[in-house]
1. According to a simple spin-label model (label point 7 Å from Cα along Cα-to-Cβ), what is the distance in nm between H436 and E84?
2. What shape does segment 1-86 take by its C-alpha gyration tensor, where a ≥ b ≥ c are the square roots of the eigenvalues and a/c under 1.5 counts as rounded, a/b above b/c as prolate, and the rest as oblate?
3. Could you sort W296, W234, W446 by accessible area so the largest value comes first, with the probe set to 1.4 Å?
4. Relative contact order of the chain, please, whole-number percent, based on alpha carbon pairs below 8 angstrom and at least 6 residues apart.
5. Points 7 angstrom from Cα along the Cβ direction at E154 and I185: gap in nanometres?
6. Quick one: accessible surface of T438, probe radius 1.4 Å, all protein chains present, in square angstrom to the nearest 10.
7. Could you order the peptides 286-292, 424-430, 99-105 from most to least packed, using the average number of other C-beta atoms within 10 Å per residue?
8. Nearest-5 percent of antiparallel DSSP beta bridges in the chain?
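The values are calculated or read from the model by the stated rules, or taken from the named source; none is laboratory data. Here the structure is a predicted model, which is why all the values come from computation and not from measurement. Don't worry about glycine lacking a Cβ; one is built from the backbone with ideal geometry, like all the others, and counts go over all protein chains shown. Only protein heavy atoms, including side chains, enter the accessible area calculation; ligands, DNA and RNA are left aside. Shrake-Rupley method; radii C 1.70, N 1.55, O 1.52, S 1.80 Å.
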Amino acid sequence: MGDETLGIILAGGRGERAKPLTLASSDYIRSKALIPFVGRSVVEWLVESCRDQGIRRFYVIAQGAENHSQIKLVLGHGERFGVEIHYSRARLDRYNVGSGAATLHNLEQWDLTGRALVLPVDSVFEFDLGRLKEAHVAADAVVTVASVGRTPEEIAGKYGVMQTSPDGLVSGFVEKPTLDRVHRIFPETSLTPLASSGRTLPTNAGMYLVDCGRLRLAVRNAEMIRLAQQRLDWGGDLLPWLVGRGLPVAAAPIDRLGDLGSIADYLATLGDVLGGRYRWMTRAMGEPTSTDPPYWIHESSLRTKDSVTGTTLAQKISEGSVVIGPAVRIGRNAEIGPGVKLRFSDIGDGVDVDEGARLSRTAIGDSAVVGPYARITDSYVGPMARVHSERDNPVRLVHSAIGEAADLRPGTRLSGVSVYPRLRVPAVTGLPTGTHLTSSDDILHWI
């Protein structure tokens, strides 16, 4: 259809790294696409950002009955977003063995021949589709990889890095190199600190602009057909295969990528979004309630009275008994008690934050309750969770994740601990960093 670009959303992966955020119960994983983020699911942000850049047709590659049904309940066929959405066929799920294989099989199933933007659902992006298309056409590429510049220190052991030529074509891939190996392969990064300051290398953002027809022709050979029946990922398998056979793969920079695949990455990206580093998302959030400091509060929450003083949130902010910001979002019908301080935090719909609580760099899911004088920093508290803090026996959470409908008793102290959904946790302290409380047996072990 002329210059149309389609959207292909890779939504079939299991959110293992993001547990307990992706868990509704200890044995029920919700789709990564439905991770709540700044008032919407991730896949909603994805569809809306692409729609606003002209993409009107989307193809969702899901995996398994729950994944299919969960995503379709949120997106439907696109009516709410003013777009058209199609879904992969459940009976063909067995072919979706890796992101690359899933893409190739479904390109054939849908008989797509034009240009498509392939996107994952465990990230948010700030990108310019027009710039990607210009780079794609200029390089006459089969695939153009959206890239993000990262320093050698950021790359070491965590990200794959691309080797590129002056014309923007990719000549090789280095998967999660050590810092020493980065310096050996890219000697310009091992110069004196002053000379190498600010140098970045292109890493794969997981977003690909694809010439569907040419890609389908390129992979129609016995070797690739065999690989695609096993496990074939985009970054580790398909792209190196294309480059190794001399097919033009380009790299083009995008402005920003926010990973949501782990709790730490989720909270870091949340801080960046609320801090205004994603321009499109900032605009989509609407006019802030305050610009100095910047924060967003739904009008229903501003009108809600707390159960201690009977005053509205708007009154408490005006008189200074509640301190909001910078970089805070409060959803609908939240009740915020006197003496509360919130910084760099996202508060969902229907949340209760009781008297004297302090929250910083934290996400609180819908309808959760944070008791009086709780201290929560760099943490995630899931929907319907209850943090039973008390003035003389407060709960303290640092770098921790509390699953949906979990229950923490007064006096609980957790640092670097994950609590799975619906668990009732007594007043425990001293758990080692990295502990995962997944069942009542785990809790009994530490009591």
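1. So the two model labels end up 4.2 nm from each other.
2. Values: a/c = 2.33, a/b = 1.95, b/c = 1.19.
Here segment 1-86 falls in the prolate category.
3. Numbers: W296 25, W234 5, W446 100 Å².
Largest accessible area first, the list is W446, W296, W234.
4. Contact order relative to length: 12 percent.
5. Distance between the two pseudo-spin positions: 1.7 nm.
6. Looks like 50 Å² after rounding.
7. 99-105, 424-430, 286-292
8. 35
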